[in-house]
1. Note the per residue figure in Å³ for the convex hull of the C-alpha positions in the stretch 29-136.
2. Once amide H atoms are built 1.01 Å from N in the peptide plane, which residues 5 or more positions from D179, or in another chain, come under 5 Å H to H?
3. Hey, can you find the accessible area per residue of the stretch 180-335 for me, probe 1.4 Å, expressed in square angstrom?
4. What figure, in Å² to the nearest 10, do you get for the accessible area of V131 with a 1.4 Å probe and non-protein molecules left out?
5. Roll a 1.4 angstrom probe over the protein heavy atoms and tell me the percent of accessible area of the stretch 134-266 that is carbon or sulfur.
6. Give the residues of the stretch 236-270 whose amide nitrogen is closer than 13 Å to a point set 7 Å from the Cα of E149 in the direction of its Cβ.
7. Taking the convex hull of the alpha carbon atoms in the stretch 91-227, what volume per residue do you get, in Å³?
8. Could you please state how large a percent of the accessible area of the stretch 22-122 is carbon and sulfur, counting protein chains only and using a 1.4 Å probe?
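The values are calculated or read from the model by the stated rules, or taken from the named source; none is laboratory data. None of the values given here were measured: they were computed from a predicted structure. So basically every Cβ, Gly included, is an ideal-geometry build from the backbone, and we count neighbours across all protein chains shown. Remember, those area values only see protein heavy atoms, side chains included, never the ligands or the DNA or RNA. Shrake-Rupley method; radii C 1.70, N 1.55, O 1.52, S 1.80 Å.
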Amino acid sequence: MTKRVFSGVQPTANLHLGNYLGAIKRFVELQNEPGTECIYCVVDLHAITVPQDPEKLRAQTREVAAAYLAAGVDPSRSIIFVQSNVSAHAELAWILNCVARMGWLERMTQFKDKAGKNAERSSVGLFDYPVLMAADILVYKATHVPVGEDQKQHLELARDIAARFNTDFNVEGFFPLPDPIIGGPAARVMNLQDGLKKMSKSDPADNSRINLTDSVDVLVRKIKKAKTDMLPMPSHVDELHDRPEVDNLIRIYAALSGLSKEAVVAEFAGAGFGVFKPKLADLAVESLGPVMTAMARYLDDPAQIDAILRTGAERANACAQPILAETKKAVGFWS
Ligand code: TRP
């Protein structure tokens, strides 16, 4: 059976190493697996669940597309497009809103975290976010979804919604239950100055993260300044439990090199950070440098990005429309 992969990144971020290692780099690996069709979306409908500046939203949408391309997503093989250009997402989301139950959404921890004490004042869209995410996936009958650890619960909800639709409308097997693809050493990339926090675009300290728009010099400087401790490099992974910053750097090294965490620990066992950090910096320059350069080149040519996104939207629409039409038929809509 062919695998159909769907995933999305929100155009809200200054993209950083966490977005790259946790998502975009894996999009490229999946694209290169034989028998796999990949659909990669810039999810602007999700972005507006919290207030956005329209001009920034447009610029950041191009930036995510540029990152996909710079990382090696090939628009002649994979589909790259913007969510709001394919109206089937929003249409299916409405139908699925009538399948999902309030109680299911009330359990979503991400909503609770994002809304905080102000749940009453958050947008209805923020509450409904996971249903739109389910629609993104199901409107292509995608079978596999690479996501970060934090999206696991949303993926489970998408499976529940798919299963419930299939039973409620008596269409056994109509929507496949999508499998999450989670993991790899860098499923979570942490803050370079505080290994207990996630690397985040919103941290005021710029040296807490590596941005994909940083120059190579800045990249090297941030790695050299990354927080560590006074001990030598560990000899066993078990020693990393109470050394979160060191653990993070080792996982970054593993993800960039394709080695396992164990192999990286073995290679540097007992060494000082004066040895490890320059090696990590070299590796980062070698693997991220070309992505950063390519990204700058794409961003210099927005017309090229726009053309790719336009073609992508047509292809995405051609996949989604027949599935949406069958869904409407199952529901009993007149046509
Ligand atoms: N919620 C995802 C995130 O923040 C982005 C996303 C939206 C997504 N729709 C999706 C990811 C569908 C996978 C599939 O990371």
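1. Details: hull volume 14.8 nm³, N = 108.
So the per-residue hull volume is 137 Å³.
2. Amide H neighbours of D179: H144, V145.
3. Details: 7960 Å² over 156 residues.
Value for the stretch 180-335: 51 Å² per residue.
4. It works out to around 0 Å².
5. Values: 3050 of 5900 Å².
Answer for the stretch 134-266 is 52 percent, counting heavy atoms of protein chains only.
6. Inside the label zone: 241, 244-245, 247-249, 251-252.
7. On the way: hull volume 19.7 nm³, N = 137.
Dividing the Cα hull volume of the stretch 91-227 by its residue count gives 144 Å³.
8. Working: 2560 of 4880 Å².
Roughly 52 percent of what the probe reaches on the stretch 22-122 is carbon or sulfur.
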